[in-house]
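The numbers here are math on the coordinates, done by the rules we state, and not lab data. Just so it is clear, the structure is predicted and the values come from calculations on it, not from any experiment. Cβ placement follows ideal geometry from the backbone for every residue including glycine, while neighbour counts extend to all protein chains displayed.
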Amino acid sequence: MTQFGKGCHLHLIDGSAFIFRAYHALPPLTRKSDGLPIGAVSGFCNMLQKYVEDSSGPDAPTHVAVIFDKGSHTFRNDLYDLYKANREAMPEDLRPQIPLTRTATLAFNIACKELEGYEADDIIATLTCQAREAGGRVTIISSDKDLMQLVGDGVEMLDAMKNKRIDRDGVFEKFGVFPERVVDVQALAGDSVDNVPGAPGIGIKTAALLINDFGSLEELLDRAGEIKQPKRRQTLIEKREQIELSKRLVQLDCETPLDFSLDDLEVRDPDPEVLLGFLTEMEFRTLTKRVADKFGKDAPVLPEAAPAAAGAEAGAAPEMPAIDPAGYAWVKTAEELAPWIAEAQQRGWVAVDTETTGLNEMACDLVGISLCITPGKACYIPLAHRAVATDDLFGSDELAEGQMPMQDALDLLKPLLEDPAVMKIGQNMKYDAKIFARYGIGITPIDDTMLMSYAMHGGLHGHGMDTLSERYLSHTPIPIKSLLGSGKNQITFDRVPVEDAVKYAAEDADITLRLWTIFKPQLHQVHVTRVYEGLERPLVPVLAEMEMTGVQVDRDTLSRMSNAFSQKMAQLEAEIHDLAGESFNVGSPKQLGEILFDKMGLEGGKKGKTGAYATGADVLEDLATEHELPARVLDWRQLSKLKSTYTDALQEHINKETGRVHTSYVIAGANTGRLASTDPNLQNIPVRSEEGRRIREAFVAPEGKTIVSLDYSQIELRILAHMAGIDALKEAFREGQDIHAMTASEMFNVPMEEMTPEIRRQAKAINFGVIYGISGFGLARNLRIPRGEAQAFIDRYFERFPGIKTYMDETVAFAKEHKRVETLFGRIIHTPEISASGPRAGFAKRAAINAPIQGTAADIIRRAMVRMPGAIAEIPAKMLLQVHDELIFEVDQGAEDDLIAAARSVMEGAAEPVVKLDVPLVVDAGRGKSWAEAH
DNA sequence: CCTGTCACG
DNA sequence: GACGTACGTGACAGGG
C-alpha cells in the first residue's frame with residue numbers, strides 16, 4: 001500500500017449532488033421486474049461509469065472516494081434549529097434509492113464514506129485538509145459553492161456538469177474574494193437555500209466589497225461604526241450575533257472524527273463479477289452491456305421482459321446485438337434488393353433513410369437509400385454516387401461502380417413504400433417523404449422516431465438522431481462530418497466513396513429501427529399515444545405538402561425595396577457619422593457603445609457581462625429623447641434588419657424551378673408544441689411597423705388566385721380563461737367583448753364607456769404578462785413604469801381574478817411534483833429545471849406557467865391543420881403557411897367565400913370533440929392579392 | 001462559435 | 001442594493 005503523500009492525487013466526489021442531479025435529469029423510471037423506482041440509481045451509475053472512463057490518463061487520481069450526507073440532524077441544527085429548515089422533503093420515489101447508491105458505489109469498488117451527524121461537505125473538508133498537509137493534490141468533484149472555501153494550494157474543484165475546473169481565480173470570480181475569505185462573504189450574504197440568515201439586505205456583491213475593505217469579517221464587525229451607509233451600518237451592528245452564527249453555520253469542519261485514513265481510499269479496480277452482478281440485479285441493460293464490453297466479457301443475461309413493458313428503464317433496449325458495420329450490406333443489383341423488400345413485406349415494417357446531396361429537400365438530389373428490418377442487419381442501396389477520380393481534384397461525373405439504375409430501384413421500392421400494410425419507420429420522415437414525393441413516391445404509412453421522442457421527452461433533450469442514439473442506445477453514430485468534411489472543402493454525399501457511405505447510411509437505418517423498437521411500446525406507457533398519433537405524426541404529410549407548395553414571392557418588389565433601403569441607410573449613416581464627429585461601423589454594438597458613452601459621454605451606459613455597453617432598442621429609445629444620434633441609429637437599425645433579413649435574404653430563397661419560397665417547418669423544435677419555421681423563417685415576417693409591413697406586399701397570389709388569411713382571435717387568453725376557470729373572462733369572451741377593455745374596467749373601476757386607450761393598453765400588457773408568468777420587474781419594464789406601480793397592478797389583478805393566481809400556483813406545484821406540465825390535449829412538457837435554485841428557478845417557473853397555455857394553442861392549430869386537407873378537398877385552394885395562430889391559403893378567385901367558411905369551421909371547432917372549451921374560439925379572416933392585404 | 005440585436009406569435 | 005426576470009422562436013452581423 002502506498003502512503004498518501006507528495007505526488008498523490010485525491011478525488012472527492014460529492015455523492016449527494018450526483019444523486020440529486022441524476023434524479024432530476026431522468027424520468028421516473030422503475031425496475032421492470034418489480035416496479036422499484038430506479039431512475040436516480042440508473043443516472044448515478046451512468047455518472048460513475050462516465051467518471052471512471054474520464055478519469056484515466058496522466059492526471060488520473062491515485063485515491064478516490066464518494067462522500068455522502070448521513071442523517072438529517074447535524075451539529076449545525078444544534079447551533080441553529082432552522083438550518084436547512086426550508087428544504088423540501090425528499091421525494092417519495094427517491095428515498096428507497098438512497099441505500100442503493102451506496103451499494104452502487106461499492107460495486108464500482110470506490111470507497112464510500114459518510115458519518116452520522118456530519119454533512120458530506122465536512123468530511124470532504126477534513127479529507128482535503130489532511131491531503132493538503134500530506135503534500136498531495138485534491139480535486140473536489142462538486143459544484144457546491146460552500147466547498148469553494150477549500151480551493152487553493154493544490155486543491156481544485158471540478159464542476160462535472162460543465163466540465164469546468166475552478167481554481168483560486170475561479171473562486172474570486174464567483175465570490176469577489178479568495179477562498180480564505182469565502183466564509184466571511186457567505187456569513188454576510190447568507191444562503192436562502194440552506195436557510196442561513198446572514199445580514200439582511202446584503203448579498204454576495206456587497207459582502208465582498210465590505211470584506212475587501214476591512215480585510216476580514218471580525219475586523220468589519222468590530223469597526224462597523226465606520227461604515228458610511230446608515231442602513232448598512234445599522235444592520236451590521238444590530239445583527240452581529242446573527243452574522244456570527246451564520247459564519248459558524250457555513251464554516252466547514254476540518255476536524256471531523258473519521259474512522260478511516262487517506263490510505264484507505266486508494267484507487268482499486270472493480271471486480272467484474274461484483275459490478276456486473278449489481279448492474280444486472282438493477283436490470284440496467286445498456287449499462288450492463290457497456291461495462292461488460294469494457295471488461296471484454298459477455299453481458300449477463302437479463303430476465304426477458306414482455307415486449308409491452310420493454311424499456312421502462314432509460315436506454316433499456318430489448319435484446320439487441322451491438323451496432324457493427326459488419327452487419328451492413330451494399331446492395332448492388334435488383335436481385336440483391338428483392339429479398340429485403342420481401343422481408344419488409346413479410347414483417348410489416350421497415351426503417352428507411354434517404355441520403356441526398358444537400359439539406360434542402362426542394363433543391364437536392366437522391367443519392368442512396370438504406371433499409372433496416374432487424375436490429376444489426378441493414379443495407380444501403382447506392383444510386384447516384386460519383387466515381388472517385390484519381391487524377392483531378394473535383395471528382396468525376398461518372399457514376400461509381402456497384403450501383404443499380406436509380407429508376408429500377410425506385411420502381412421496385414415504390415410498391416413497398418406505398419403499401420398500406422407495411423409501416424415505414426424514419427427519423428424526421430418529413431424530409432424523406434419530400435424527397436420521395438419528388439420521385440413520384442407517396443410514402444405511407446409512417447412512424448417517426450423523432451416525433452415519438454418529442455411526444456415522450458419534450459423538454460428533456462433534443463430529438464435529433466445523434467442525441468437519441470447516445471441517450472437510448474449509448475452509441476455515437478458516425479459523424480456526417482467525417483465523410484463530408486466541413487467548411488469550404490466540404491463535399492456532397494454523392495462524392496463519398498460507396499464503402500464509407502454503406503457504413504454511415506446503413507447505421508442510420510439501424511439506429512432508427514432500434515429507437516423505434518424501444519419507443520413504440522413506451523408511447524402507451526407514458527400516455528402520449530394520442531398526442532403522437534393525433535398531433536405529431538399526421539402533421540408530417542400536411543407540412544410536407546405545404547412546404548412543397550411554397551408561396552409566391554415577387555422578386556421585383558423586394559429588389560425595389562432593397563434599393564430604397566440602401567439609399568436611406570447611406571443617408572442615415574452619413575448623418576450618424578456627422579453627429580459622432582467620426583466614421584465608425586454603425587452596425588457594431590461595441591463601436592456604437594463606445595461612441596455614445598465614452599466619446600459623447602451620455603448617461604446611462606451599462607456594461608453587460610462581456611464588458612460591452614448595452615445598446616439595445618430600449619436603451620437607445622431612452623437616449624433618443626435627448627439626442628439625435630441614437631434616434632438615427634434606431635432608424636438605421638430598422639432598415640438594416642429589413643434589408644438583410646428580409647428584402648435581400650428572401651430573394652435568395654426563391655426556388656429556381658418553382659419561382660416560389662419554400663420554408664421548412666421544424667415539428668419537434670419548440671418545447672411547447674409550436675412549430676418553428678426555418679430557411680427562411682416565414683413566421684417572423686414584419687407586421688408591427690408600417691415600413692416592415694410592406695414586406696408582406698411581396699407575398700402574392702399568382703394570376704387568378706387570392707391570398708386568404710385566417711387567424712385565431714386572442715386564443716391564448718381564451719385558453720387561460722378556460723383553464724383557470726375565470727368566469728368574468730369567459731363571460732366577456734362569450735359576449736364578444738373587448739377583453740382588454742373589460743380587464744381594464746374591472747381593475748381600475750372605469751366604466752366601459754369611459755375607457756381610454758392608455759388604460760386599455762396597460763390592461764392589455766397585464767393580460768399578456770399573465771400568460772408569460774408575470775413579474776413586477778417584467779411588467780414594469782414593458783410598461784416603462786416604476787416597479788412598485790407594476791407590482792400594485794399585479795396585486796390588483798390577482799385580487800380581481802383570484803382564479804388566475806390559483807392557476808399559476810397550482811401549475812407550478814404540479815410541475816414540482818411531476819417534473820412536467822400538460823396541455824389540455826395531453827401533450828407533456830417536461831420541466832426538469834423547476835426545482836433548480838437561483839435565477840433559473842424563476843425562468844423555469846414562468847416557463848411552466850406559460851407552457852400549458854401556449855402548448856394548448858399549438859395543439860389546437862395542429863388539430864386544425866391535420867383536418868384541413870380533408871375539409872377543403874373540394875375547394876381549389878392550398879394551405880401555404882402557418883404562423884402560430886394564423887393559417888394562410890392560396891385560393892382560386894371566386895372560391896374565397898367557400899374556403900373561408902370551410903377553414904373557419906375547422907379552426908373554430910378544432911378543440912372538439914376531445915376538449916369542450918368554456919369559451920368560443922373565434923377566427924378572423926382576410927383576403928387580398930398579397931399577404932399585406934389579406935392580414 | 002458566441003453574443004447582441006431584432007423580427008414574429 | 002442578494003441575484004435577475006416577462007413566454008416561445010430564428011436570422012443576421014460583428015468579433016474573437
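Laid out as a table, the results:
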{"quantity": "Spacing of the two label points (7 Å from each Cα toward its C-beta) at A:ARG232 and A:ASP556, in nm", "calculated": "6.9 nm"}
{"quantity": "Integer Hz, Karplus 6.51/-1.76/1.60 couplings in order for region A:674-687, x for Gly and Pro", "calculated": "5, 7, 10, 10, 9, 6, x, 6, 9, 9, 10, 5, x, 8"}
{"quantity": "Cross-link reach list, lysines versus A:LYS239, counting only Cα pairs under 19 Å and skipping chain neighbours closer than eight places", "calculated": "A:LYS205, A:LYS228, A:LYS231, A:LYS247"}
{"quantity": "Per-q log10 I(q)/I(0), chain A, q = 0.05, 0.06, 0.10 Å⁻¹ (Debye; single scatterer per alpha-carbon; no solvent)", "calculated": "-0.38, -0.56, -1.46"}
{"quantity": "Mean projected area in nm² (Cα convex hull; one quarter of hull surface) for region A:732-807", "calculated": "5.0 nm²"}
{"quantity": "Highest to lowest packing among A:622-628, A:238-244, scored as the average C-beta count within 10 Å", "calculated": "A:238-244, A:622-628"}
{"quantity": "Magnitude of the charge dipole, region A:641-770, Cβ model with Lys/Arg +1 and Asp/Glu -1, debye to 20", "calculated": "400 debye"}
{"quantity": "Region A:797-935: mean projected area of Cα convex hull, nm²", "calculated": "10.8 nm²"}
{"quantity": "Ordering of A:539-546, A:3-10 by burial proxy (mean other Cβ atoms within 10 Å per residue, highest first)", "calculated": "A:539-546, A:3-10"}
{"quantity": "Helical contribution to [θ] at 222 nm, DSSP H n ≥ 4, -39,500 (n - 2.57), averaged over chain A, rounded to 500", "calculated": "-14000 deg cm²/dmol"}
{"quantity": "Rg(Cα)/(2.2 N^0.38 Å) for region A:325-523, N = residue count", "calculated": "0.99"}
{"quantity": "At least 18 Å along the helix axis (C-alpha) and Kyte average at least -0.5, DSSP helices within chain A", "calculated": "A:39-54, A:120-133, A:498-525, A:757-771, A:839-871"}
{"quantity": "Relative contact order computed over region A:1-128 (Cα-Cα under 8 Å; 6+ residues apart), in percent", "calculated": "32 percent"}
{"quantity": "Whole-number percent relative contact order across chain A, with pairs defined as alpha carbons under 8 Å at least 6 apart", "calculated": "9 percent"}
{"quantity": "Amide H within-cut-off set for A:HIS385, under 5 Å, with H built and near neighbours excluded", "calculated": "A:ALA400"}
{"quantity": "Total charge dipole magnitude, region A:325-523, about the Cα centre, Cβ charges on Lys, Arg, Asp, Glu only, Debye to nearest 20", "calculated": "700 debye"}
